[in-house]
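For reference, the structure is listed below as structure tokens.
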Amino acid sequence: MADQRAELTWKDGQIPVSGRFDDPYFSLQNGLEETRHVFLAGNDLPARFAPGFHIAELGFGTGLNLLTVWSEWEKAGQTTPLTFTSFEAYPMAPDDMTRALAAFPELSPWADRFLSQWQGGTCDLGTLQLEVIEGDARSTLSAWSGQADAWFLDGFSPAKNPELWGAELMQQVSDHTAPNGSAATYTAAGFVRRGLEDAGFTVTRAPGYGRKRHMTRAVKP
């Protein structure tokens, strides 16, 4: 479905910007450090890593979040596979992923392994079991049978892509979260926080990354 591929422009020749949502795929300051701050620390990772751990994500994008957490999984000495499921409506072409991820040479050992096998859908990388489910998450998540221990909520800005942050979708996130599971996102938008609270999460506001004053952390009792 060529019309469902990501539409991109490039800032400074290196940072992909969505033509559909007019929003960059990662922080203009340091996308890797933002991922570590928001999605890893926001979900208390890698401290919670355990055999069978399952991460789910809204918005696969460049794969930066995946590679960041996979690298930490291996550095932590985990030998069983990390399961990672991502929901993505507009997948990025592998060549564009390669261009974007070149900005993070620290991740190149994992990026090279991933990109050498990635053709969309599922990917078995030994210590990583990846599935990217294409389509509108408002439909695909409700049909998913999995349960995540941690969620990376990483859609484009709620102001520009409100469909990926609505109350019904946050309820689906909650319904597909394991007991004592968590979620984290860079946004502290009020309607997102309320949606998570109404869905059964205990929500806290935490310091954001870079110019963002606040982010959101959520825990499922």
If you take the residues in segment 183-221 that are of a type in the set (Lys, Arg) and in a strand (DSSP E or B), which one is surrounded by the most Cβ atoms within 10 Å (Cβ to Cβ)? ARG217
Expected single match for surrounded by fewer than 20 Cβ atoms within 10 Å (Cβ to Cβ) and modelled with pLDDT under 95 among THR98, THR79 is THR79
Can you tell me which of SER139, SER145, SER174, SER182 is without any contact (Cβ under 8 Å) to a residue 12 or more places away in the chain, more than 22 Å from ALA6 (Cβ to Cβ) and hydroxyl-bearing (Ser, Thr, Tyr)? SER145
Given the structure, is ASP124 open to solvent by 20 Å² or more (accessible area, probe 1.4 Å), in contact with a Gly (Cβ under 7 Å, 6 or more places away or on another chain), modelled with pLDDT of 95 or more and within 23 Å of LYS75 (Cβ to Cβ)? no
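From the list PHE114, PHE84, which residue is within 15 Å of the chain's Cα centre (by Cα) and either open to solvent by 70 Å² or more (accessible area, probe 1.4 Å) or of a type in the set (Phe, Trp, Tyr) (or both)? Reasoning before the result, please.
Values: PHE114 fails: within 15 Å of the chain's Cα centre (by Cα).
Selected residue: PHE84, the only one of PHE114, PHE84 that is within 15 Å of the chain's Cα centre (by Cα) and either open to solvent by 70 Å² or more (accessible area, probe 1.4 Å) or of a type in the set (Phe, Trp, Tyr) (or both).
The values are calculated or read from the model by the stated rules, or taken from the named source; none is laboratory data. Bear in mind that the values here come from a model prediction, so they are computed numbers and not experimental data. Positions of Cβ are backbone-derived with ideal geometry, glycine not excepted, and every protein chain shown enters the neighbour counts. To get the accessible areas, we keep the full protein, side chains included, count just its heavy atoms, and leave off ligands, DNA and RNA. Shrake-Rupley method; radii C 1.70, N 1.55, O 1.52, S 1.80 Å.
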